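Peer 1: Can you read through this structure? Questions will come right after.
Each value in this text was obtained by applying a stated rule to the coordinates, not by laboratory testing. As the structure is a computational prediction, the values presented were derived from the model and not from experiment. Backbone-built Cβ (ideal geometry, glycine too); neighbour counts: all protein chains shown.
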Amino acid sequence: MTEGNSGLLAIIIGAVTSVVIAWISKPRPVPAIEEPEREQDLTTLAGIAAVVTEQQQRIRDLEAAQLAQREHAAVHDRTIGALRRYVLRLQAALRSTGTAVPEPDPDDADLIRG
């Protein structure tokens, strides 16, 4: 493999990796939980029961949203781990051909090496 081809391969691999990491890191919209806009009657048992029921539903909705975010974060963690392992293999492959592995951007160096 010529030096030019190795450099081109490194650029392509870097570009693909950057696109994948950017796609994975893109924040996903969190569904908004709408607040009820009605007057709450806390002077009767029925009014208190209605408020308690609404609060329980809001808590369940928030817990479900939190669980979804945790699962999404876990997928990100696994994907980033896999990409790091793959990049290490690609770097080893480039080094085995005698090609120098390009250094990461200074802004990203701590994230990539850490």
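Peer 1: Could you work out the longest stretch of the chain that avoids the GluC sites (Glu not before Pro) located in DSSP loops with at most 14 other Cβ atoms within 10 Å?
Peer 2: Details: sites that count: GLU34, GLU37, GLU39.
By the stated rule (loop sites, at most 14 other Cβ atoms within 10 Å), 40-114.
Peer 1: While we're here: Nearest 20 debye, what's the magnitude of the dipole of the chain about its Cα centre given +1 on Lys and Arg Cβ and -1 on Asp and Glu Cβ? Please report the intermediate quantities before stating the final value.
Peer 2: On the way: 12 positive and 16 negative charges, 163 e Å.
Approximately 780 debye in magnitude.
Peer 1: Which log10 I(q)/I(0) values, to two decimals, does region 63-114 give at q = 0.30 Å⁻¹ under the Debye formula with one point per Cα?
Peer 2: Debye output, listed in q order: -1.09.
Peer 1: Could you tell me which residue out of GLY98, LEU83, ILE21 lies farthest along the dipole of the chain toward its positive end? Charges go on the beta carbon: Lys and Arg +1, Asp and Glu -1, centred on the Cα centre.
Peer 2: Going by the charge dipole, the pick is GLY98.
Peer 1: Same structure again: How long, wide and thick is region 10-114, going by the Cα atoms along their three principal axes, in whole angstroms, largest first?
Peer 2: Rounded to whole Å, the extents work out to 80, 20, 19 Å.
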